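A.B. asks: Here it is, the structure, as structure tokens.
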Amino acid sequence: MNYPVNEIFQTIQGEGYYTGTPSIFIRLQGCPIHCPWCDTKYTWTCLDKNKISSEEIIKKNTSNQQWSLMNVEQILLNIKIKKWTAKHIVITGGEPCIYNLLHLTETLEKKGFRCQIESSGTQLIQCSLNTWVTISPKKNQNTLLTAMLRSNEIKYPILKKEDLSYLDKILSMVKNKKKCYVSLQPISQNKEALEICIKTCIMKNWKLSIQLHKYILIK
Ligand code: SF4
């Protein structure tokens, strides 16, 4: 199976449960959600005019709308050529769950990687059983019960205090679920949102996700 890849790079995971973990990011192209604060708007559409070869994607080092179809063997070859050492792979987007990620995650695991998916929770999640699933629900979108049940972690973006009411609503969908980590993430390093997140995390014993990569100025 081929996946539309926007970019692949090695860095440190800056968000959620795996913050600080050396990671290879596979960013897939395509997202139907269109959140106003999205910081990867260039991934929304898969236009033919922006399609490039897999060799060009491997060399790409700027964020833009270019993408290429790649299969898992080409992805693994790229990791080998670059001599990357991270063992954690983050499949992100865009919205990666508009694609069936079962073959990709199972194959990467067989090669010794641990997989993580970052999704909005609005799509059916198709991945290996061991994949760590991070859901970032969006308050004006329909968060699927199946996504909530499959998730290992809810990473919720906050701008205003009122945003918390949607989180309460979706958490009540899965109140008997064991082992689901919740973290709050201020949108775009907004100071007021950060204060709300700190206060609420302390009160609820949730985790704070600050997008570490943006503070230490790495990708
Ligand atoms: S779901 Fe993610 S990629 Fe899609 S618009 Fe929202 S923040 Fe951006």
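The values are calculated or read from the model by the stated rules, or taken from the named source; none is laboratory data. Everything numeric in this text was worked out from a predicted model, so none of it was measured. Cβ sites come from the backbone with ideal geometry, for glycine too, and all protein chains shown count toward neighbours. Ligands, DNA and RNA are excluded from the accessible area calculation, which covers all protein heavy atoms including side chains. Shrake-Rupley method; radii C 1.70, N 1.55, O 1.52, S 1.80 Å.
A.B. asks: Check Glu95 against each of (1) open to solvent by less than 40 Å² (accessible area, probe 1.4 Å); (2) acidic (Asp, Glu); (3) farther than 20 Å from Arg150 by Cα and name the one condition it does not meet.
C.D. replies: Among (1) open to solvent by less than 40 Å² (accessible area, probe 1.4 Å); (2) acidic (Asp, Glu); (3) farther than 20 Å from Arg150 by Cα, Glu95 violates only (3).
Listed here are the residues, each with its yes/no results for (1) modelled with pLDDT of 95 or more; (2) over 20 Å from Ile12 (Cα atoms); (3) out of contact with any Pro (no Cβ under 6 Å at 6 or more places or on another chain); (4) of a type in the set (D, E, K, R).
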{"residue": "Thr92", "(1), (2), (3), (4)": "yes, no, yes, no"}
{"residue": "Asn100", "(1), (2), (3), (4)": "yes, yes, yes, no"}
{"residue": "Thr107", "(1), (2), (3), (4)": "yes, yes, yes, no"}
{"residue": "Gly112", "(1), (2), (3), (4)": "yes, no, yes, no"}
{"residue": "Cys115", "(1), (2), (3), (4)": "yes, no, yes, no"}
{"residue": "Leu144", "(1), (2), (3), (4)": "yes, yes, yes, no"}
{"residue": "Lys155", "(1), (2), (3), (4)": "yes, no, yes, yes"}
{"residue": "Lys161", "(1), (2), (3), (4)": "yes, yes, yes, yes"}
{"residue": "Lys175", "(1), (2), (3), (4)": "no, yes, yes, yes"}
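A.B. asks: While we're on this one: Where residues in region 108-128 are open to solvent by 20 Å² or more (accessible area, probe 1.4 Å) and polar (S, T, N, Q), which of them is farthest from the ligand (Cβ to nearest atom)?
C.D. replies: So the residue we want is Gln126.
A.B. asks: Hey, can you tell me all the residues within region 137-156 that are open to solvent by 20 Å² or more (accessible area, probe 1.4 Å) and either within 11 Å of the ligand (Cβ to nearest atom) or assigned to a strand (DSSP E or B) (or both)?
C.D. replies: If the condition is that a residue be open to solvent by 20 Å² or more (accessible area, probe 1.4 Å) and either within 11 Å of the ligand (Cβ to nearest atom) or assigned to a strand (DSSP E or B) (or both), then Lys138, Asn140, Gln141 are the ones that fit.
A.B. asks: Got a number for residues in region 55-72 being surrounded by fewer than 17 Cβ atoms within 10 Å (Cβ to Cβ) and either at pLDDT below 95 or closer than 21 Å to Lys138 by Cβ (or both)?
C.D. replies: Number of matching residues: 6.
A.B. asks: Would you call Leu217 closer than 21 Å to Gly20 by Cβ and in a loop (DSSP other than H, G, I, E, B)?
C.D. replies: Against the criterion (closer than 21 Å to Gly20 by Cβ and in a loop (DSSP other than H, G, I, E, B)), Leu217 qualifies.
A.B. asks: Do the conditions hold for Ile75, that is, is it at pLDDT 95 or above, buried (at least 16 other Cβ atoms within 10 Å of the Cβ) and within 16 Å of the ligand (Cβ to nearest atom)?
C.D. replies: It is false that Ile75 is at pLDDT 95 or above, buried (at least 16 other Cβ atoms within 10 Å of the Cβ) and within 16 Å of the ligand (Cβ to nearest atom).
A.B. asks: I've got another one for you. If you take the residues of region 119-135 that are in contact (Cβ under 8 Å) with a residue 60 or more places away in the chain and not in a loop (DSSP other than H, G, I, E, B), which of them is nearest to Ile89 (Cα to Cα)?
C.D. replies: Of region 119-135, the ones in contact (Cβ under 8 Å) with a residue 60 or more places away in the chain are 120, 122, 132, 134.
Okay, now just the ones that are also not in a loop (DSSP other than H, G, I, E, B), so 132, 134.
Numbers: Trp132: 10, Thr134: 13 Å.
Ranking the candidates gives Trp132 first.
A.B. asks: Something else: Does region 81-90 hold any residues that are surrounded by fewer than 22 Cβ atoms within 10 Å (Cβ to Cβ) and within 12 Å of Gln10 (Cα to Cα), and which are they?
C.D. replies: Lys82, Lys83, Trp84, Thr85, Ala86, Lys87, His88
A.B. asks: Right, something else. Failed condition for Ser188, given (1) buried (at least 21 other Cβ atoms within 10 Å of the Cβ); (2) in a helix (DSSP H, G or I), with all others met?
C.D. replies: (1)
A.B. asks: Search region 1-41 for residues being of a type in the set (A, V, I, L, M) and in contact with a strand residue (DSSP E or B) (Cβ under 7 Å, 6 or more places away or on another chain), and hand back the single one that is most open to solvent (accessible area, probe 1.4 Å).
C.D. replies: Only one residue tops the list, namely Ile12.
A.B. asks: Checking the condition of a type in the set (S, T, N, Q) and either closer than 15 Å to Asn6 by Cα or over 17 Å from the mean Cα position of the chain (by Cα) (or both), which residue from Ser136, Ser128, Ser119, Ser63 passes?
C.D. replies: After ruling out the rest, the residue left standing is Ser63.
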